[in-house]
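What follows is a short report on a single structure.
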Ligand code: HEC
Ligand code: HEC
Ligand code: HEC
Ligand code: HEC
């Protein structure tokens, strides 16, 4: 009887669309026609930007020449990748599903169009969704962005959806996991920040025309949303019995690397208010939860305090039992889920930037950035904020240059995870804060 009710409830939930489609599912919903169908010189393969078009139409050229996604498959052919696959007993890395899922647009055979090539790596449709239904219509100027979305184009302009998409490869998700075993075989550690990474190799520009077609753009908001979505992803991986646990141990990739990987003579332990843990305890990697608090404070101060308390409760629960950990993780997950839409709708203006920096610095001075991963996120957050100050238009050139120099100095303190020193980081953050307008 119980099984029957559960089954029924499941069916009803699906029927009413309560199952939220993941980014991976949305991308794979329709057939992928292949990069070759996008790259003609009158489509996205122009060598110079078009003048009288909504978009530059040179996206393919930029992707091919500058974007590492275009080389993501070729990475798998290199000795370093082959060595990783060999150590894991996977055979050829270019044939291994687990590698291809993130290093290419790995659609099943039935979802590959005639011109699709796996060697194109992370191609257009790996981010923009299968073009089967919209390829022929989307260039028509009478067709709106909303029309494209109903035909399966992925909403990359929406910060929550974009974060979920990028993180499906840059952090891993349930069906696409980068495990500690893969790291152990030599895979680089993954780290991601939505605003910074969105602008590293862009084939797009935010113009008045873009805003008219797709809505407002706000870099600090993207940073905030990216932190919240990554924090949610951490909890959902931890709660999943398949991905969260490996034998008697929890999946180590969800924990702070340096909690285990530091020198025996290091002796740098100290208390952190955000965990309340004593020495010698393996900590969850809470970097995104830490930075999400600062992003949340201008939107809803009480909620930021709740995230702080529930994160601390989660850390405490990990020292008690698996059951207690799940209860605490679910509580925090529910809080985050309710907050993300509010953060995504918030207009971070220039007045909200200084309080964010000030709160980060105050906590840093209390030892909150003892863990490298949080410090690295704080550096990327600071970059988002510096750029927002610039975009506000009130900085003169000299002031902007000073801020960038302070930012470079801050980045320098997180350049090497094995040489991270908290006092150096705190001093650099203090310097940056002092130079802020
Ligand atoms: C969850 C997604 C994911 C999976 C699974 C994954 N990778 Fe990666 N891999 C990445 C990302 C993202 C990067 C880039 C990291 C960065 O620079 O931020 C990367 C980087 C690499 C690099 C370094 C590339 C360079 O330019 O230095 C190698 C080598 C590599 N991966 C090989 C593999 C192999 C082999 C497998 C399969 C065993 C694999 N990867 C599985 C996402 C993944
Ligand atoms: C790693 C993910 C990713 C890949 C791969 C990718 N894009 Fe994009 N693309 C984005 C994001 C993010 C945006 C910016 C948000 C938006 O405009 O929706 C964007 C925007 C665009 C735009 C819209 C610009 C505008 O003003 O509206 C076009 C056109 C575009 N991409 C074409 C391509 C083509 C063609 C390829 C393949 C050659 C490609 N993209 C590959 C993520 C990607
Ligand atoms: C299908 C998986 C996949 C998706 C989706 C994806 N990426 Fe990537 N990304 C990769 C891989 C794999 C690499 C490493 C490629 C290499 O080293 O050549 C990478 C590399 C990058 C790099 C270069 C990193 C560096 O250290 O220089 C940036 C920036 C980046 N991705 C941004 C994004 C953004 C922004 C999004 C979302 C709009 C996104 N990616 C979505 C797989 C993906
Ligand atoms: C709970 C402790 C723990 C955590 C947390 C942890 N590791 Fe490990 N790591 C280990 C152990 C144990 C080994 C295995 C050492 C061996 O095989 O001798 C290992 C091995 C490795 C290796 C291979 C080193 C070698 O000697 O070949 C790498 C690389 C690695 N881990 C990276 C990471 C990264 C990146 C993270 C964070 C995302 C991480 N680890 C988190 C305990 C941990």
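Brief remarks on what is shown
- Paramagnetic label zone (point 7 Å from Cα along Cα-to-C-beta, residue 342; backbone N under 18 Å) in the stretch 302-333: 302-312, 331-333
- One equal scatterer on each Cα of the stretch 83-178, no solvent, Debye formula: the resulting log10 I(q)/I(0) at q = 0.16, 0.21, 0.23, 0.24 Å⁻¹ is -0.78, -1.15, -1.27, -1.32.
- Between residue 273 and residue 424, the simple label model (points 7 Å from Cα in the Cβ direction) yields a spacing of 2.6 nm.
- Direction-averaged projected area, Cα convex hull, the stretch 219-435: 11.7 nm², rounded to one decimal.
- Residue list for the stretch 53-94, given a label point 7 angstrom along the Cα-to-Cβ vector of residue 261 and an amide N cut-off under 20 Å: 76, 79-89
- For the chain, the 222 nm mean residue ellipticity estimated from helices alone, with every DSSP H stretch of n ≥ 4 adding -39500 (n - 2.57) and the total spread over all residues, rounds to -15500 deg cm²/dmol.
- Whole-number percent relative contact order across the chain, with pairs defined as alpha carbons under 8 Å at least 6 apart: 13
- Peptides 288-296, 28-36, 168-176, 182-190 ordered by average Cβ neighbours within 10 Å, highest first: 288-296, 28-36, 168-176, 182-190
- Evaluating kT/(6 pi eta Rh) at 20 °C and 1.002 mPa s, with the Kirkwood radius of the stretch 332-383 over Cα pairs in the Stokes-Einstein relation, gives 168 µm² s⁻¹.
- Mean Cβ count within 10 Å, highest first, over the residues of peptides 369-375, 211-217: 369-375, 211-217
- Contour minus Cα-Cα distance for residue 52 and residue 351 (0.36 nm per residue): 104.0 nm
- Point-to-point label distance, residue 330-residue 216, nm (Cα→Cβ direction, 7 Å offset): 3.6
- Rounded D (µm²/s) - the chain, Kirkwood Rh over Cα pairs, Stokes-Einstein at 20 °C, 1.002 mPa s: 92
- Applying the Kirkwood pairwise sum to the alpha-carbon positions of the stretch 20-154 produces a hydrodynamic radius of 15.9 angstrom.
- Compared with the alpha-carbon gap, the fully stretched path from residue 42 to residue 87 is longer by 11.7 nm at 0.36 nm per residue.
- Ordering 138-145, 426-433 by mean Cβ neighbour count within 10 Å, with the highest value first, yields 426-433, 138-145.
Read-outs: derived from the displayed coordinates by stated rules, not from any lab. Because the structure is a prediction, the values reported are computed rather than measured. When we count neighbours, we look across all protein chains shown, and the Cβ atoms used for this are built from the backbone with ideal geometry, even at glycine.
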